[in-house]
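Report on one structure; see the data block that follows.
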Amino acid sequence: MKKIKNRFKLLTLGLAIGISGGGIFSSPSAHALAIINTYNFSGSATVTDSQNTGAQTKTTNNNAALGTTAINQFDSSLGVLTGVTVNLTSIQTQTTQTTSTAGGGSGANTNVTSSGTATSSVKLEGAGISYQSANLAVTDDCAGKRKDDCTGAASSNSQNVNTSASPSDLNTFTGTGDITLTRTATTLEATQLSNVFTGTESTQGTVGWDGQLQVTYDYLLHAAPSFSETTQVLVLDVDFGTLAIGDSATQSFDLFNLASINRTGLDLDSWIETDLDNKFAIDDLSFTNLSQGASSNGLITFDTSNAGNFNASFVLNLSDANIGASDSWHHYQLTLNIRGIVGETTSSPAQVNDIPEPGMLALLSIGLFGLLGLTRRRN
């Protein structure tokens, strides 16, 4: 068995797509939970282009504000954020109306037609989300006597807008505050196309954006490390008792990620050893993404080459598996307290097949002969 001699052993972290290490028993993969929040919104902006002489003109009101939406962040006390989906269901409406005021002047007051067009696009952005619609253009006409006023029919058109957010910026959504999503009319312009009335001709463009944001947070419960399979036990005392010098001494222990189908995996990141005599070591304990309901087995070895009373402490540093928003990961510490006594060896080797010395053989012979003579006289 290889002994770990470093007082601090750092284990490799990786993407939690499997489990590595010996003595690990797997359980079914966890199923994500979900929190769904819904936010309704409405906003509009306007631009007007007017002319009474000269050539065609254009007026813009680009990047006009259409409002903001505050989205609640995911509270990491609930678990590990694994995904964010933002669904936008909305209608962008472009309304265009061409008008003319009454004017004077000489000449015939014949029927004429004025026209104008307005164009808009809308954008949603914030927290790594960015969506911009295509341009929506609508033209309106105004027909009447050239010296009179005129009002168009206010033509409208609409388009549905749908988008989903990528989960690549999960940490932005983790916290206890709000995320602000901003809505703007990135393009908003009106163009009066003609100059046929004697009054002032105008084209007004109005963009309206109404809809709903649905934000879904997918998450898993935090890991639950324990020395027990059924309840959370964070401290384990291991007593080797009293041993003789040279005795073989090992004890195993299990480390669990308590079972829950909605729980994330568990990583062993490192451990810190407090063992001034360097008599104890942990072997065979290394894992990433220990799944819910699974366990990993470790082995404690005790060096009994010297007599004494020995104690050590190992603090195991663990964390939620490297999945999802790192800002939502929790970190844990489990402690192994180990003790053992090594006593002096008291037994001595047995003496077998000892051969008596010659002097001792002579004494034994004399004694035997004396006993034989005494026996004969009595007879």
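In the range 150-174, which residues are part of a loop (DSSP other than H, G, I, E, B) and either modelled with pLDDT of 95 or more or exposed (fewer than 15 other Cβ atoms within 10 Å of the Cβ) (or both)? Walk me through how you get there before you give the answer.
Of all residues in the range 150-174, those part of a loop (DSSP other than H, G, I, E, B) come to 152-154, 162-166.
The answer is ALA153, ALA154, ASN162, SER164, SER166.
Within the range 246-273, count every residue that is touching a strand residue (DSSP E or B) at 6+ places or on another chain (Cβ under 8 Å), open to solvent by 30 Å² or more (accessible area, probe 1.4 Å) and in contact (Cβ under 8 Å) with a residue 60 or more places away in the chain.
Qualifying residue count for the region: 5.
Which one of these is in contact with a Lys or Arg (Cβ under 6 Å, 6 or more places away or on another chain) and of a type in the set (S, T, N, Q): THR198, THR231?
On the way: THR231 fails: in contact with a Lys or Arg (Cβ under 6 Å, 6 or more places away or on another chain).
Exactly one residue qualifies, and that residue is THR198.
Which pairs do you get when a residue that is within 18 Å of ASN63 (Cβ to Cβ) and touching a residue at least 40 places away in the same chain (Cβ under 8 Å), found in the range 119-145, comes within reach of a residue that is of a type in the set (Ser, Thr, Tyr) and in a loop (DSSP other than H, G, I, E, B), reach meaning Cβ atoms under 6 angstrom, with the pair 6+ apart or on two chains?
SER121/SER133; VAL122/SER133; TYR131/THR163
Does at least one position in the range 274-288 carry a residue that is open to solvent by 10 Å² or more (accessible area, probe 1.4 Å) and under 26 Å from GLY79 (Cβ atoms)?
Within the range 274-288 (the criterion being open to solvent by 10 Å² or more (accessible area, probe 1.4 Å) and under 26 Å from GLY79 (Cβ atoms)), the answer is yes, since at least one residue qualifies.
Are there any pairs, at least 6 apart or on different chains, whose C-beta atoms fall under 9 Å, with the first in the range 74-98 and charged (D, E, K, R) and the second surrounded by fewer than 24 Cβ atoms within 10 Å (Cβ to Cβ) and not in a strand (DSSP E or B), and if so, which?
Close Cβ pairs (under 9 Å, with a partner that is surrounded by fewer than 24 Cβ atoms within 10 Å (Cβ to Cβ) and not in a strand (DSSP E or B)) amount to ASP75/GLY175; ASP75/THR176.
Kindly indicate whether any position in the range 235-245 is among the charged types (D, E, K, R) and in contact with a Lys or Arg (Cβ under 6 Å, 6 or more places away or on another chain).
Looking only at the range 235-245, we keep the residues that are among the charged types (D, E, K, R), and these are 237, 239.
Those left that are additionally in contact with a Lys or Arg (Cβ under 6 Å, 6 or more places away or on another chain): 239.
Yes, that holds for at least one residue.
Looking at (1) open to solvent by less than 50 Å² (accessible area, probe 1.4 Å); (2) modelled with pLDDT of 90 or more; (3) of a type outside the set (Lys, Arg); (4) within 20 Å of ASP320 (Cα to Cα), find the lone condition where GLY103 falls short.
Here GLY103 meets the rest and fails (4).
If you check SER202 against the conditions, is it under 47 Å from the mean Cα position of the chain (by Cα), open to solvent by less than 50 Å² (accessible area, probe 1.4 Å) and of a type in the set (Ser, Thr, Tyr)? Quick ask: steps written out before the conclusion?
Details: under 47 Å from the mean Cα position of the chain (by Cα): no; open to solvent by less than 50 Å² (accessible area, probe 1.4 Å): yes; of a type in the set (Ser, Thr, Tyr): yes.
When the stated conditions are applied, SER202 does not pass them.
Would you tally the residues in the range 267-287 being part of a strand (DSSP E or B), under 35 Å from the mean Cα position of the chain (by Cα) and within 16 Å of ILE338 (Cβ to Cβ)? Spell out how you get there, then give the answer.
The initial filter retains those residues of the range 267-287 that are part of a strand (DSSP E or B), namely 267-274, 280-283.
Next, from what is left, pick out any that are under 35 Å from the mean Cα position of the chain (by Cα): 267-274, 281-283.
Still in the running and within 16 Å of ILE338 (Cβ to Cβ): 271-274, 281-283.
Of the residues in that region, 7 qualify.
Check whether at least one residue in the range 216-238 is part of a strand (DSSP E or B), open to solvent by less than 60 Å² (accessible area, probe 1.4 Å) and at positive phi, and report yes or no. Show your work before the answer.
Taking the range 216-238 first, the residues part of a strand (DSSP E or B) are 216-221, 225-226, 235-238.
Next, only the ones that are open to solvent by less than 60 Å² (accessible area, probe 1.4 Å) stay: 216-221, 225-226, 236, 238.
Filter once more, so that each one left must be at positive phi: none.
For the range 216-238, residues part of a strand (DSSP E or B), open to solvent by less than 60 Å² (accessible area, probe 1.4 Å) and at positive phi: absent.
Just wondering, is there one or more residues in the range 68-77 that are in contact with a strand residue (DSSP E or B) (Cβ under 8 Å, 6 or more places away or on another chain), among the hydrophobic types (A, V, I, L, M, F, W, C), modelled with pLDDT of 60 or more and surrounded by fewer than 18 Cβ atoms within 10 Å (Cβ to Cβ)? Walk me through how you get there before you give the answer.
Just the residues of the range 68-77 that are in contact with a strand residue (DSSP E or B) (Cβ under 8 Å, 6 or more places away or on another chain), to begin with: 68-74, 76.
Cutting the leftovers down to among the hydrophobic types (A, V, I, L, M, F, W, C) gives us 70-71, 74.
Now narrow it down to the ones that are modelled with pLDDT of 60 or more: 70-71, 74.
Within this subset, residues satisfying the condition of being surrounded by fewer than 18 Cβ atoms within 10 Å (Cβ to Cβ) are 70.
Yes, the range 68-77 has at least one match.
The values are calculated or read from the model by the stated rules, or taken from the named source; none is laboratory data. Since the structure is predicted, the reported quantities are computational estimates derived from the model, not experimental observations. Using ideal geometry, Cβ is built from the backbone for each residue, glycine included, and neighbour counts are taken over all protein chains shown. Each accessible area value is taken on the protein alone, full model and side chains, heavy atoms only, with ligands, DNA and RNA left out. Shrake-Rupley method; radii C 1.70, N 1.55, O 1.52, S 1.80 Å.
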